[in-house]
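These notes concern the structure reproduced below.
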Amino acid sequence: MHEAGLMAEAMNKAETLAMQCNADAVAGLTLRVGVLSGVALQALQFAFDAMKPGTVFEQAELRLEQVLPRLSCRDCGMEYAAQERGQRCPVCKGSNTSLLQGGELELAKLELIVREDRTS
Amino acid sequence: MTGTLLHQTLDLSHSLLQHNAGSADANRAFFLEKGLTAISIVSSPGAGKTALLERTLTELRQEIRMGAITGDLQTENDAERLQNRGAPVLQITTGEVCHLEAEMVAKAVEKMDTEGLQLLFIENVGNLVCPAAFDLGERSRVVMLSITEGEDKPLKYPALFAQAELVVVTKCDLTHILDFDMHNLLQNIRRTAPQTKVIMVSARTGHGMTDWYAWLRTQVVPEGWAVVQQA
Ligand SMILES: Nc1nc2c(ncn2[C@@H]2O[C@H](COP(=O)(O)OP(=O)(O)O)[C@@H](O)[C@H]2O)c(=O)[nH]1
Ligand SMILES: [Mg+2]
Ligand SMILES: [Zn+2]
């Protein structure tokens, strides 16, 4: 249910960057979303569509990149793809693991439309 | 002077939780300086967070100086239930927001008299999903699960269980009525949070509360610790 707040945070940051670059508009916005971040992609899309009218995002396309989980084993150093947190190490069967990726929630890319005479 | 339109691409890795992370770090620094241990309690609605705190604030009041912040979408009910136990209590009503954020905790703590407190409980909004994404700057996160919710909850909400310093299984007075499979629950907790400590309590009968209190004592910063740090 907090996807709207997160989307607003992404759009605020993107808008600030767009202004700093003297952009006319935003053409695209990419978020990197870990499968284990607990965030629903449809809810992000829904929030974006609801908030974009009348903003620099009016014509922008939202891209959502999913990141699959990877764990590392603190006992033997093995790094492996996993379906869930706490999935045991395939080598030493240990359960002392840490999440390498799959929990992220990031603004990853911003495509701006800028007039040539304004680029610096 | 209408120049050609160009596309410009910026590659970023801006965490959407960065704002919250900053506030959480500030909270952590504040608690550390005060020698105050903040413990957040997360569960689904009705698991028994407030009931556990009612008993705790009363039964430990001679021993540990405690305070509590309770988060709910609406109403001051929880704060009222915790009143008159010798502990400062403050309610945060979040309105629409389904979880506490670090900044809300900072504002609440500002309004509270935390001088001399040793333990600060932070009761999160009842929700097993969203609180997982928001660090509050607490020292420990306790995840509570009442047995009426079923044995499979740790598997369904792994992100939160994986963060738990301690899992408190509550309403254990109902084990027989529900024909609850405690062994299965423990296995499911182990699968998602292999390192986490688990205790079983009933805030109704008081069963297991001594284990909870023993754990709380390990969390309290020993007197004089802050001074030692400075030396
Ligand atoms: N049988 C039983 N009921 C409990 C226990 N703890 C809480 N409850 C009941 O569960 C309901 C919800 O408790 P509450 O503390 O408000 O849950 P919270 O929403 O997590 O704060 C109340 O009716 C409590 O009386 C317990 O250990 N055993
Ligand atoms: Mg409550
Ligand atoms: Zn290993």
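Using a cutoff of 8 angstrom between alpha carbon atoms and counting only pairs six or more residues apart, the relative contact order for segment B:23-220 works out to 25 percent. The mean count of C-beta atoms from other chains within 10 Å of the C-beta of residues in B:11-23, rounded to a whole number, is 6.
Cysteines of chain A lacking any other cysteine Cβ under 4.7 Å from their own Cβ: A:C21.
With contacts taken as Cα pairs under 8 Å and at least 6 residues apart, chain A reaches a relative contact order of 35 percent.
So, with a 1.4 angstrom probe, what is the percent of accessible area on chain A that is carbon and sulfur? Within chain A, the accessible surface is 48 percent carbon and sulfur. Here the gap between B:D181 and B:L155, fully extended at 0.36 nm per residue and compared with their Cα-Cα distance, gives a gain of 7.9 nm. The overall shape of chain B is oblate: from the C-alpha gyration tensor, with semi-axes ordered a ≥ b ≥ c, the ratio a/c is 1.5 or greater and a/b is no larger than b/c. For a straight C-alpha distance cut-off of 24 angstrom, the lysines reachable from B:K111 (same-chain residues fewer than eight places away being disregarded) are B:K34, B:K49. Taking 7 Å steps out from each Cα toward its Cβ at A:D117 and B:D173 produces label points 7.9 nm apart. What is the helix-to-structure angle for B:209-219, meaning the angle in degrees between its Cα long axis and the longest Cα principal axis of chain B, kept from 0 to 90 and rounded to the nearest 10? Tilt of helix B:209-219: around 40 degrees. From the alpha carbon centroid of segment B:116-159 to that of segment A:68-82 is 25 Å.
The angle between the Cα long axis of helix B:49-59 and the main principal axis of chain B comes to about 50°, on a 0 to 90 degree scale. The angle between the Cα long axis of helix A:41-51 and the main principal axis of chain A comes to about 20°, on a 0 to 90 degree scale. Charge dipole (Cα centre; +1 on Lys/Arg Cβ, -1 on Asp/Glu Cβ; no other charges) of segment B:51-192 amounts to roughly 300 debye. Most simply put, segment B:23-220 has about 0% antiparallel DSSP beta bridges, counting only bridges with both residues inside it. Cα gyration tensor of the protein assembly as shown, axes a ≥ b ≥ c as square roots of the eigenvalues: rounded (a/c below 1.5), prolate (a/b > b/c) or oblate? Prolate shape, in that a/c is at least 1.5 and a/b is the bigger ratio. In segment B:23-220, the portion of solvent-accessible area held by carbon and sulfur atoms comes to 48 percent [1.4 Å probe, whole percent, DNA, RNA and ligands not counted].
Share of antiparallel DSSP beta bridges in the protein assembly as shown, in percent to the nearest 5?
On the way: 24 of 59 bridges.
Here the antiparallel bridges make up roughly 40 percent for the protein assembly as shown.
Distance between the pseudo-spin-label points of B:R204 and A:E79 (7 Å out from Cα toward the beta carbon): 5.0 nm. Pairing chain B with chain A buries about 2900 Å² of accessible area. This figure sums both sides and uses a 1.4 Å probe. Per-residue 3J(HN,Hα) values for segment B:137-153, derived from phi via the Karplus relation 6.51 cos²θ - 1.76 cosθ + 1.60 with θ = phi - 60°, read x, 6, 6, 9, 10, 9, 9, 10, 9, 8, 5, 5, 7, x, 6, 8, 4 Hz in sequence order (x marks Gly and Pro). Within 10 Å of the Cβ of each residue in A:38-49, the mean number of Cβ atoms contributed by other protein chains is 1.
The values are calculated or read from the model by the stated rules, or taken from the named source; none is laboratory data. From a predicted model like this one, the values you see are computed outputs, not experimental measurements. Neighbour counts are summed over all protein chains in view; Cβ atoms, including those assigned to glycine, are modelled from backbone coordinates with ideal geometry. All accessible areas refer to the heavy atoms of the entire protein, side chains included, with ligands and DNA or RNA removed. Shrake-Rupley method; radii C 1.70, N 1.55, O 1.52, S 1.80 Å.
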